[in-house]
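Accompanying notes for the structure given below.
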Amino acid sequence: MPGKNKYSYKLEGVDENWSPASTQRIASYTELKGGDYVFRVRAANNDGIWNNDGVTLYIRINPPFWQTKWFYAMCIILIIGGFWGFLKYRTSTIKRENKILEEKVEERTQELAQKNKDITSSIQYAKRIQLAILPPLEQIYKHFPQSFVVYKPKDIVSGDFYWFGIKNGKKIIATVDCTGHGVPGAFMSMIGHNLLNQIISENGITEPDQILNALHQGVQAALKQGTNVVDTSDGMDVALCSIDTITNEVKYAGAYRPLFIVNGTHFEKIDADKNPIGGSQLDPDRKFTCHTYIAKPGDTFYMASDGYADQFGGEKGKKFMVKRFNELLLSMQEQNMQEQATILESTFNKWRGSYQQVDDILVIGIRF
């Protein structure tokens, strides 16, 4: 009775177990992936006797082209090629843009270099003018044989300057520290120098306090300070001495800059008035104090701007400070004045080390 034959099948790689025995003679599989398969069938007659050897059918399913290895390889090649081509394109684009930028940078660099050269040349010329208006050191050394001037601008031009002149039997010398340094400070120094020439040389004022009073009024007038025309608080700190050529009587007045006097181991500091020269506040009652001192043989007078004491350096990058500056002045009294100048410069350079100079430096020393 063939109609009662039963069948069980299994597609290796798809089925884990044999299918339940049935009389159905059809096996249906869908959505099989491409590849080689083994289809096994076993059967039992109407008496339930199974043929365990069964029948084996080898089946090969050809996958669609997009599932073939050569297609995968081609896609990988295309992806790699596309990525490589994109990189080449981006690289060439970046190189082209970089070349354009380099050309622009080179052009701008040349322009800036030329402008910098022009500006530097102008400032160098301004330096020659500034040095030309300063009193010659030979003139100072002629009237003060034992003296020195240490003058170290931070930039090409300086906001510090010194002034010297002789009027009515008085030798007048001053250290002036203007607001700022570089070009702005140099402009202030020109104003201050011209005002001192006018006050002392032309108007004949030789009293230090009167000189500073007139200088203060002159700076405010020159810069239109205290008005709504120009908003500026620029000014200058000054230490000024008037020395009688016969009696060696020293008269001193200062605006924030003190006078140091050393004789052997004796150190004395004469404080300045706590008012600057110039400023935005109109202060008609501002007056500077005159101090009188009779210089004795061996006395050494020092006037300085704040640049030396404010310099950063040393092992910890701190300021030199006024106390250390005073100790330095006291420690080198056995040397003559030119040797003292050398010590001041070498000490400053050693202290500064790799740090930049922060301000203009001016120190004047005179020994009687």
Tell me yes or no: at least one residue of the stretch 96-118 is under 30 Å from residue 347 (Cα atoms), modelled with pLDDT under 90 and not assigned by TED's automatic domain parsing to the domain that holds residue 246. no
Out of the strands (runs of 3 or more DSSP E) lying entirely within the stretch 269-368, which hold 2 or more residues that are touching a residue at least 40 places away in the same chain (Cβ under 8 Å), in contact with a helix residue (DSSP H, G or I) (Cβ under 9 Å, 6 or more places away or on another chain) and surrounded by 17 or more Cβ atoms within 10 Å (Cβ to Cβ)? 300-304, 361-367
Quick count over the stretch 34-55, residues being surrounded by 11 or more Cβ atoms within 10 Å (Cβ to Cβ) and part of a loop (DSSP other than H, G, I, E, B), is 3
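Would you check which residues across the stretch 6-17 are surrounded by fewer than 14 Cβ atoms within 10 Å (Cβ to Cβ) and in a loop (DSSP other than H, G, I, E, B) and list them?
Of everything in the stretch 6-17, those that are surrounded by fewer than 14 Cβ atoms within 10 Å (Cβ to Cβ) and in a loop (DSSP other than H, G, I, E, B) turn out to be 13, 14, 16, 17.
Return yes when residue 121 is farther than 27 Å from residue 297 by Cα and modelled with pLDDT under 90 and no when it is not.
When the stated conditions are applied, residue 121 passes them.
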Exactly one of 256, 293 is more than 36 Å from the chain's Cα centre (by Cα) and among the aromatic types (Phe, Trp, Tyr), and that residue is 293
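Out of 174, 126, report the one residue that is in contact (Cβ under 8 Å) with a residue 40 or more places away in the chain and either under 24 Å from residue 365 (Cβ atoms) or of a type in the set (Phe, Trp, Tyr) (or both).
174
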Does residue 159 satisfy being assigned by TED's automatic domain parsing to the domain that holds residue 341 and touching a Gly at 6+ places or on another chain (Cβ under 8 Å)? yes
Filter the stretch 156-170 down to residues that are within 16 Å of residue 190 (Cβ to Cβ) and touching an Asp or Glu at 6+ places or on another chain (Cβ under 8 Å) and give me whichever is surrounded by the most Cβ atoms within 10 Å (Cβ to Cβ). 159
From the list 135, 145, exactly one residue is touching a strand residue (DSSP E or B) at 6+ places or on another chain (Cβ under 8 Å) and in a loop (DSSP other than H, G, I, E, B). Which is it? 135
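Here's the yes/no breakdown for (1) under 39 Å from the mean Cα position of the chain (by Cα); (2) in contact (Cβ under 8 Å) with a residue 40 or more places away in the chain; (3) outside the structural domain of residue 195 (by TED's automatic domain parsing):
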{"position": "207", "(1), (2), (3)": "no, yes, no"}
{"position": "212", "(1), (2), (3)": "yes, yes, no"}
{"position": "218", "(1), (2), (3)": "yes, no, no"}
{"position": "232", "(1), (2), (3)": "yes, yes, no"}
{"position": "241", "(1), (2), (3)": "yes, yes, no"}
{"position": "261", "(1), (2), (3)": "yes, yes, no"}
Only residues that are surrounded by fewer than 17 Cβ atoms within 10 Å (Cβ to Cβ) and of a type outside the set (D, E, K, R): list them for the stretch 191-225, please. 194, 197, 198, 201, 203, 204, 221, 222
Applying the selection to the stretch 255-266, what residues are outside any loop (DSSP other than H, G, I, E, B) and surrounded by 15 or more Cβ atoms within 10 Å (Cβ to Cβ)? 255, 256, 259, 260, 261, 262, 263
Among 274, 269, the single one that is in contact with a Pro (Cβ under 7 Å, 6 or more places away or on another chain), basic (Lys, Arg) and closer than 22 Å to residue 163 by Cα is 269
Let me spell it out: the conditions are (1) within 37 Å of the chain's Cα centre (by Cα); (2) assigned to a helix (DSSP H, G or I); (3) of a type in the set (A, V, I, L, M), and residue 157 meets all of them except one. Which number is the exception? (2)
Among the numbered conditions (1) within 25 Å of residue 323 (Cβ to Cβ); (2) assigned to a helix (DSSP H, G or I); (3) of a type in the set (Phe, Trp, Tyr), tell me where residue 187 comes up short. (1)
I'd like the full set of residues that are of a type in the set (Gly, Ala, Ser) and closer than 22 Å to residue 154 by Cβ, limited to the stretch 307-344. 307, 309, 313, 314, 317, 341
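Residues are listed down the side, and each one gets a yes or a no for (1) under 30 Å from residue 182 (Cα atoms); (2) among the aliphatic types (A, V, I, L, M); (3) in contact with a Cys (Cβ under 6 Å, 6 or more places away or on another chain):
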position: 69; (1), (2), (3): no, no, no
position: 73; (1), (2), (3): no, yes, no
position: 81; (1), (2), (3): no, no, no
position: 87; (1), (2), (3): no, yes, no
position: 95; (1), (2), (3): no, no, no
position: 103; (1), (2), (3): no, no, no
position: 111; (1), (2), (3): yes, no, no
position: 119; (1), (2), (3): yes, yes, no
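The values are calculated or read from the model by the stated rules, or taken from the named source; none is laboratory data. What you see is a predicted model; the values in this text were computed from it and never measured. Methodologically, a virtual Cβ is constructed for each residue, glycine included, from the backbone with ideal geometry; neighbour enumeration extends over all protein chains shown.
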